[in-house]
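Structure record follows, encoded as structure tokens.
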Amino acid sequence: MTPPPGRGSNGGGYRPARVVVTGAHGSVGRRVVIRLAGQQPSVAVVAIDKEASPAPYNSVTTKQADLADADLGALFSGADSVVHLASTATAGTLNPAEVELEAALLRRVLDAASSAGVPHLVVMSSAMVYGAWRDNPVPITEDATVRPIPDFDWAVQRHRLEGLAQQWATGPGRSVTVLRPAAVVAEARLGRLAHTLRAARSGLAADGGPPVQYLHADDLAAAVVTAVNARYDGILNVAPDGWIPPDTLAELEGPRPRLRVRSHLARLLSALRWRSGWAPTPPGVVPYTIHPWVVANDRLRALGWRAAYTNEEAWVVSHEPGPLESLPARRRQELLLAGAVVLVAGSLVTAVLAVRAWRRRRRA
């Protein structure tokens, strides 16, 4: 299915005349619409979202619509590409209802693309589908086996959605680009996945530290446009060159309350805190803070894409220094020590409450 690196499905000389973007009001969607509309020769863009937003160019048509019940066939009519960015689920908050809804929306998009004769589709996945395992290569290429952590539902769901899109692309005259980005950030704002990973590295955290990657939303939008223009058929990792070593990341993040424990204990306590509602991160994300899952971008670079932000630059522009970082060193040490004591006490209380709840269920 995947052509040689650096080639689109038609040799790389393709330029669309009409592109439909779902989720056009989101952080990445807005950037994609602006980049597509600002190209020369011009591209007609249909921007679809539940929320109406002003069109940045005359070539942009805004459509306020819900993918769950809109006439997508009519909206997709005449499109050379559909970029599906709309999502109902975010990392760390996935539940069965969200799983079913997101899959149902993608099926509606695929069915509408079929009926409208759309030849190319771009869907958003995540580099997390590779999983975080001790034996992962550094970096991971698109040819690697997909092994998401089984109890991290969000990564598992990304893999399932990839499968639906790739099955659609087996039809005649169809191609699909599956983008697998690293953790996405923007100015003064961590994306949901980046926030989840950062929370998992804080407080009671697993003893370990893999290299990490951060991708600016501008660079992800540029990757989407690159895939559309090439009508690329296959999988593309999206990340800046290289990665941030764990020691460098610790310096960037600065002093934070953190107690390091063995990985199996971190996952157990994370599960207890997650079930009790005391932790913001699901236990399945813990391995992603222990083992490497950084990705190679050679295939995307061969299409002409270049990241405008390095990993470090993306992290810096997304970071707002906290009050702890402005305190004197001695005061920071005192607060960090106090925070570690509170973490230990809280974890013990969580464990006790979980055991009591388990015993009550057994008696019942």
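The values are calculated or read from the model by the stated rules, or taken from the named source; none is laboratory data. Remember, it's a predicted structure, so these values are computed and weren't measured experimentally. Here the Cβ positions follow ideal geometry from the backbone for every residue, glycine too, while neighbour counts run over all protein chains shown. Surface accessibility is based on the protein's heavy atoms, side chains included, excluding ligands, DNA and RNA. Shrake-Rupley method; radii C 1.70, N 1.55, O 1.52, S 1.80 Å.
Screening residue 190 with (1) among the aliphatic types (A, V, I, L, M); (2) in contact with a helix residue (DSSP H, G or I) (Cβ under 6 Å, 6 or more places away or on another chain); (3) more than 26 Å from residue 283 (Cα to Cα); (4) open to solvent by 20 Å² or more (accessible area, probe 1.4 Å) gives one miss only, at (3).
Condition check ((1) part of a loop (DSSP other than H, G, I, E, B); (2) in contact (Cβ under 8 Å) with a residue 60 or more places away in the chain; (3) surrounded by 15 or more Cβ atoms within 10 Å (Cβ to Cβ)) across all residues:
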| site | (1), (2), (3) |
| --- | --- |
| 20 | no, yes, yes |
| 30 | no, no, yes |
| 36 | no, yes, yes |
| 42 | yes, no, no |
| 46 | no, no, yes |
| 51 | yes, no, no |
| 58 | yes, no, no |
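Criterion applied to 179, 197, 164 was being under 12 Å from the mean Cα position of the chain (by Cα) and in a helix (DSSP H, G or I), and the one residue passing it is 197. Filtering 174, 180, 158 for residues that are open to solvent by 20 Å² or more (accessible area, probe 1.4 Å) and of a type in the set (Lys, Arg) leaves a single hit, 174. Sort through 82, 99, 138 and tell me the only one that's under 24 Å from the mean Cα position of the chain (by Cα), crowded, with 23+ Cβ neighbours inside 10 Å and not polar (S, T, N, Q). Answer to the selection: 82.
The residue pairs whose first member lies in the range 80-91 and is in contact (Cβ under 8 Å) with a residue 24 or more places away in the chain, whose second member is of a type in the set (Phe, Trp, Tyr), and whose beta carbons are closer than 7 Å, counting only pairs six or more residues apart or on different chains, are 82/76; 89/154; 91/154. Here 186, 165 are screened, and the one residue that is touching a residue at least 12 places away in the same chain (Cβ under 8 Å), under 22 Å from residue 242 (Cβ atoms) and not charged (D, E, K, R) is 186. For the range 80-97, the criterion of being modelled with pLDDT of 95 or more and part of a helix (DSSP H, G or I) is met by none of the residues. From the list 117, 78, the lone residue that is under 26 Å from residue 230 (Cβ atoms), among the small types (Gly, Ala, Ser) and touching a Lys or Arg at 6+ places or on another chain (Cβ under 8 Å) is 78. Say we look at the range 201-251 and pick out the residues that are in a helix (DSSP H, G or I) and modelled with pLDDT under 95; which of these is least open to solvent (accessible area, probe 1.4 Å)? Filtering the range 201-251 for residues that are in a helix (DSSP H, G or I) and modelled with pLDDT under 95, the one least open to solvent (accessible area, probe 1.4 Å) comes out as 249. Residue under question is residue 11, and the condition is that it be on the phi > 0 side of the Ramachandran plot, at pLDDT below 90 and either aromatic (Phe, Trp, Tyr) or open to solvent by less than 40 Å² (accessible area, probe 1.4 Å) (or both); does it hold? In short, yes.
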